[in-house]
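What follows is a set of notes on a single structure, which appears directly below.
The values are calculated or read from the model by the stated rules, or taken from the named source; none is laboratory data. Just so it is clear, the structure is predicted and the values come from calculations on it, not from any experiment. A quick note on method: Cβ atoms are made from the backbone with ideal geometry, for glycine too, and the neighbour counts reach across all protein chains shown. To get the accessible areas, we keep the full protein, side chains included, count just its heavy atoms, and leave off ligands, DNA and RNA. Shrake-Rupley method; radii C 1.70, N 1.55, O 1.52, S 1.80 Å.
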Amino acid sequence: MTATFIDEIVQAFAERGGEAYGEDVTQLDHALQCALLATEEGADEPLVAAALLHDYGHLFESHGDAAVFERRDARHEIHGARALRPWFGPAVVGPIALHVLAKRYLCATEPGYEEALSAASVLSLELQGGRFAEAQCRRFERSRFAADAVRLRRWDDAGKVAGRAVPGLEQYRPLLSRVAKA
């Protein structure tokens, strides 16, 4: 069962991962860069898997193009987490579900963060509700995976370098198998 779902993930990246989504890299390049950044920072395997899969929701039902072409938030983080939940536990899907909220949190709490966002991230921030208010910040901070979501968000921001050399997706198949639910 696990191998079958991992095959589905690989297939989704093969079919749609080559598409651009408003950044200078493809969906697949972005996912691989984020996973590499997580690995280089010494993240545990579930968080590396979350970094790799955080935008999985962009790969189906046209969720990747919604912000750029339709000017709407397709809630890719929710769709992706929901699709992955049957096969991965909370340590993988929790940070995925929260990574958009982490952007809104960082915009509210970290001076200069919002100004450093890419143009595509600024557009999606607007569509996702903008920076958090104080009460929203406190609620986010109490979330079980808030700290991991913030780490993931930083890799999300940094994983957009055109031409960066990264390991291929097949390199992560064993990791995905290890962190998948039995």
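Under the condition of being in contact (Cβ under 8 Å) with a residue 24 or more places away in the chain and either part of a helix (DSSP H, G or I) or open to solvent by 40 Å² or more (accessible area, probe 1.4 Å) (or both), which residue from region 155-165 is nearest to Glu45 (Cα to Cα)? Here the answer is Trp155. Restricting attention to region 99-147, the residues being among the hydroxyl-bearing types (Ser, Thr, Tyr) and either surrounded by fewer than 19 Cβ atoms within 10 Å (Cβ to Cβ) or free of Cβ contacts under 8 Å to residues at least 12 places away in the same chain (or both) number 4.
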